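Everything below concerns the one structure shown next.
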Amino acid sequence: MFSIRLKWIKKNFIMLILFIAFSSITQDKALASMDKPKQNCSLSINSTQLSTDHVILNFSLENPYNKKMRLLIWHTPFEGFLSDLFIITNKDTGKKLNYQGPMVKRLQPQPEDYLSLTQNQRSSTTLNLSFSYHFKQGHYQVQLKKNTFHFEDEHLTPFLFTCETSTVNFSIK
Amino acid sequence: MKHLIKIMIAITAIITLQANAAKPQLDVQVSVVKAENGNVNATLNITNNGNGQQKILGWYTDLNEEHIFSVKKDGVEVDFFGPHYKRQAPTDKDFIKLKSGQSLTKTFELSALYDMSSTGNYEVSYHVKSMHLYSNKGQQKKSERLAVEQLSSAISVIWLDGIEVKGTANKGKPGGGGGASDCIGGTCFTGRCDNSQKTEVISALAAADQITNSSVAYLSSHSANNTSARYNTWFGDATSTRYNTAVDHFDAINDAIDNQPITFDCSCKKSYFAYVYPTQPYKVYLCRAFWNANELGTDSRAGTIVHELSHFNAVAGTDDVVYGQSGAQSLATSAPDQALNNADSHEYFAENTPNQN
């Protein structure tokens with residue numbers, strides 16, 4: 001009797017391993033979808049050496065999908081200033097700051113317009129806001145203007161992701 | 001006083017003598033040819049007719065490095081828009097060596113660097129002078145070091161028919177026809193636009209004027225409660241506020257084309273169509289996709305000009321909310337207020353391709 005059971009286990013050993021492996025993958029998937037509204041995007045202002053010509057913004061994004069993806073960096077902080085990326089308000093006057101940088105009309109995305117992100121990979125970038133917005137001494141708030149990010153998987157299937165970031169306050173003395 | 005003059009003459013004579021003594025036997029010829037597209041090509045040929053090897057400073061054989069040609073139109077020197085570099089003294093590697101009998105031949109397009117857009121007789125010659133034209137004189141005596149060496153060619157003459165401004169664009173513009181900057185009928189150019197590019201831009205601007213006039217005409221012959229497919233496709237449902245915004249935007253674009261001093265810059269080599277700085281009217285930077293586009297139709301040169309002008313805060317202050325025709329159509333349906341803030345929506349309304357009433 002015991003030897004028969006052992007035989008059965010031997011016979012089905014590979015199947016068993018496959019079953020365990022498969023169930024752990026599906027469990028991962030289920031966890032990821034439950035986690036969905038987590039903070040994949042973050043925006044912060046570097047408070048050291050903050051001055052009218054030195055306003056350093058950090059932006060980071062974690063791949064929100066459980067697979068290798070690529071992000072079209074158009075209209076995201078990853079391409080630098082080629083469009084008006086932020087809404088910056090002077091809280092003392094209530095006025096929105098004018099974007100001083102370029103706005104570019106483009107044809108088709110080129111290979112260099114994509115950022116590859118492996119599973120769970122976080123990518124970050126910094127921008128000096130004073131290159132494209134004129135600051136004076138005062139209190140400001142900044143937020144991301146366009147938060148729909150265009151991802152593609154390896155089969156070029158498009159995924160739209162809403163990049164939720166909080167509004168960041170900072171003061172220039 | 002007399003003595004002083006004598007001494008001055010003597011010094012001048014010595015300097016001249018030394019310049020002559022140092023002058024190698026280089027023969028320079030320039031020939032100028034007009035291309036079919038209006039560009040002007042100058043071929044420079046420098047030949048060493050002496051017995052030994054001669055050197056010449058490489059900068060003075062390259063129009064991209066130095067102002068080596070004198071261009072006169074009807075006897076008056078034409079402005080040069082090329083670079084002026086401040087350099088350190090040359091080193092030996094900056095000199096080109098020509099063996100006896102050897103020649104150097106290079107061709108340069110002139111109209112991108114000299115204003116050759118108006119009709120007239122142009123005289124082109126090679127003329128350079130430098131203290132280091134033929135050798136690095138760092139080790140020589142002061143008088144020798146300070147002697148200025150010169151090299152010139154005979155004048156080559158060419159007749160050019162100017163670039164004409166057609167249509168009604170530019171009609172009320174200030175500063176047209178002349179002035180120090182490179183302008184044709186109120187439209188100015190920077191960033192080395194050659195004659196062929198200037199001709200194409202003038203034509204595209206006339207086409208932009210035409211599609212803007214058509215847009216203004218549509219908007220004045222319709223109203224918020226009487227729109228048709230053309231308006232609804234690109235701007236969605238009309239309210240009187242939205243409709244008035246569209247009217248204001250196209251009136252402003254029309255005013256920019258007809259009355260404001262627009263400058264086009266040709267220096268961009270990126271794959272983009274074009275770009276502007278919204279706070280810096282009315283300068284439009286044209287890139288590669290612009291030159292590859294058709295004059296009229298979807299994503300055309302005319303439409304690109306409308307798109308770019310709409311970005312200026314002084315015009316309509318539009319943003320790039322979405323790109324492309326399908327994106328703009330969805331935006332019109334889902335967010336008509338955003339469509340009126342989207343540059344491409346304005347472009348596609350003006351291009352009206354395929355045609356809708």
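The values are calculated or read from the model by the stated rules, or taken from the named source; none is laboratory data. Note that the structure is a prediction, hence the values are computed from the model and not measured. Counting neighbours? That spans all protein chains shown, and the Cβs are built from the backbone with ideal geometry, glycine included. Remember, those area values only see protein heavy atoms, side chains included, never the ligands or the DNA or RNA. Shrake-Rupley method; radii C 1.70, N 1.55, O 1.52, S 1.80 Å.
Does residue B:240 satisfy the criteria of being at the interface with another protein chain (Cβ under 10 Å from one of its Cβ atoms), without any contact (Cβ under 8 Å) to a residue 60 or more places away in the chain and out of contact with any strand residue (DSSP E or B) (no Cβ under 6 Å at 6 or more places or on another chain)? Full working, then the answer.
Numbers: at the interface with another protein chain (Cβ under 10 Å from one of its Cβ atoms): no; without any contact (Cβ under 8 Å) to a residue 60 or more places away in the chain: yes; out of contact with any strand residue (DSSP E or B) (no Cβ under 6 Å at 6 or more places or on another chain): yes.
Considered against the rule, which asks whether it is at the interface with another protein chain (Cβ under 10 Å from one of its Cβ atoms), without any contact (Cβ under 8 Å) to a residue 60 or more places away in the chain and out of contact with any strand residue (DSSP E or B) (no Cβ under 6 Å at 6 or more places or on another chain), residue B:240 comes out as no.
Against the list (1) more than 14 Å from chain B (Cβ to nearest Cβ); (2) aliphatic (A, V, I, L, M); (3) in contact with a Lys or Arg (Cβ under 6 Å, 6 or more places away or on another chain), the condition residue A:61 fails is (3). The single condition from (1) facing chain A (nearest Cβ under 10 Å); (2) of a type in the set (Asp, Glu); (3) under 17 Å from residue B:187 (Cβ atoms) that residue B:258 fails is (1).
Would you check which residues across region A:81-118 are of a type in the set (Gly, Ala, Ser) and surrounded by 15 or more Cβ atoms within 10 Å (Cβ to Cβ) and list them? Can you show your working first?
Going through region A:81-118, the residues of a type in the set (Gly, Ala, Ser) turn out to be A:83, A:94, A:101, A:116.
Within region A:81-118, A:83, A:101 meet the criteria.
Could you tell me how many of the residues in region A:76-105 are away from every other protein chain (no Cβ under 11 Å) and among the small types (Gly, Ala, Ser)? Number of matching residues: 2. Restricting to region B:263-301, give me the number of residues that are within 20 Å of residue B:186 (Cβ to Cβ) and within 8 Å of another protein chain (Cβ to nearest Cβ). Selection size over region B:263-301: 3.
For region A:60-117, the set of residues classified as assigned to a strand (DSSP E or B), out of contact with any Phe, Trp or Tyr (no Cβ under 9 Å at 6 or more places or on another chain) and free of Cβ contacts under 8 Å to residues at least 40 places away in the same chain consists of A:95, A:96, listed by residue number. Apart from one condition, residue A:125 fits all of (1) within 11 Å of chain B (Cβ to nearest Cβ); (2) farther than 20 Å from residue B:275 by Cβ; (3) of a type in the set (Val, Ile, Thr); the exception is (1).
Please return the ranges of strands (runs of 3 or more DSSP E) entirely within region B:68-117 where 3 or more residues are open to solvent by 20 Å² or more (accessible area, probe 1.4 Å), in contact with a strand residue (DSSP E or B) (Cβ under 6 Å, 6 or more places away or on another chain) and not charged (D, E, K, R).
On the way: elements: B:69-73, B:95-98, B:103-109.
Strands (runs of 3 or more DSSP E) meeting the threshold: B:103-109.
Given the criteria of a type in the set (Ser, Thr, Tyr), in contact with a Lys or Arg (Cβ under 8 Å, 6 or more places away or on another chain) and within 14 Å of chain A (Cβ to nearest Cβ), does residue B:203 qualify? The answer is no for residue B:203.
If you scan region B:303-357, which residues turn out to be polar (S, T, N, Q), surrounded by 23 or more Cβ atoms within 10 Å (Cβ to Cβ), in contact with a strand residue (DSSP E or B) (Cβ under 8 Å, 6 or more places away or on another chain) and over 10 Å from residue B:234 (Cβ atoms)? Walk me through how you get there before you give the answer.
First, the residues of region B:303-357 that are polar (S, T, N, Q): B:304, B:310, B:313, B:318, B:325-326, B:329-330, B:333-334, B:338, B:341-342, B:345, B:352-353, B:355-357.
With surrounded by 23 or more Cβ atoms within 10 Å (Cβ to Cβ) added as a condition, the list becomes B:304, B:310, B:318, B:342, B:345.
Of the ones still in play, those that are also in contact with a strand residue (DSSP E or B) (Cβ under 8 Å, 6 or more places away or on another chain) are B:304, B:318, B:342.
Within region B:303-357, B:304, B:318 qualify.
For region B:39-97, the set of residues classified as under 19 Å from residue B:129 (Cα atoms) and β-branched (Val, Ile, Thr) consists of B:46, B:47, B:56, B:61, B:68, B:71, B:78, B:91, B:96, listed by residue number.
Taking region B:273-305 as the range and being in contact with a helix residue (DSSP H, G or I) (Cβ under 9 Å, 6 or more places away or on another chain), in a loop (DSSP other than H, G, I, E, B) and among the polar types (S, T, N, Q) as the test, the residues that pass are B:294, B:298, B:300. Inclusion of residue A:129 among residues that are surrounded by 13 or more Cβ atoms within 10 Å (Cβ to Cβ), under 11 Å from the mean Cα position of the chain (by Cα) and at pLDDT 95 or above is not warranted. All conditions but one from (1) outside any strand (DSSP E or B); (2) closer than 24 Å to residue B:323 by Cβ; (3) not small (Gly, Ala, Ser) apply to residue A:149; the one that does not is (1).
Counting only helices (runs of 4 or more DSSP H) that fall entirely inside region B:306-357 and contain at least 1 residues that are within 25 Å of residue B:217 (Cβ to Cβ) and in contact with a Leu (Cβ under 9 Å, 6 or more places away or on another chain), the qualifying elements are B:336-339, B:343-351.
Residues in region A:66-75 that are in contact with a helix residue (DSSP H, G or I) (Cβ under 9 Å, 6 or more places away or on another chain) and within 12 Å of chain B (Cβ to nearest Cβ): A:72, A:74. Selection of region B:311-330 for residues being in contact (Cβ under 8 Å) with a residue 24 or more places away in the chain and either out of contact with any helix residue (DSSP H, G or I) (no Cβ under 9 Å at 6 or more places or on another chain) or more than 10 Å from chain A (Cβ to nearest Cβ) (or both) yields B:313, B:314, B:315, B:316, B:325, B:328, B:329.
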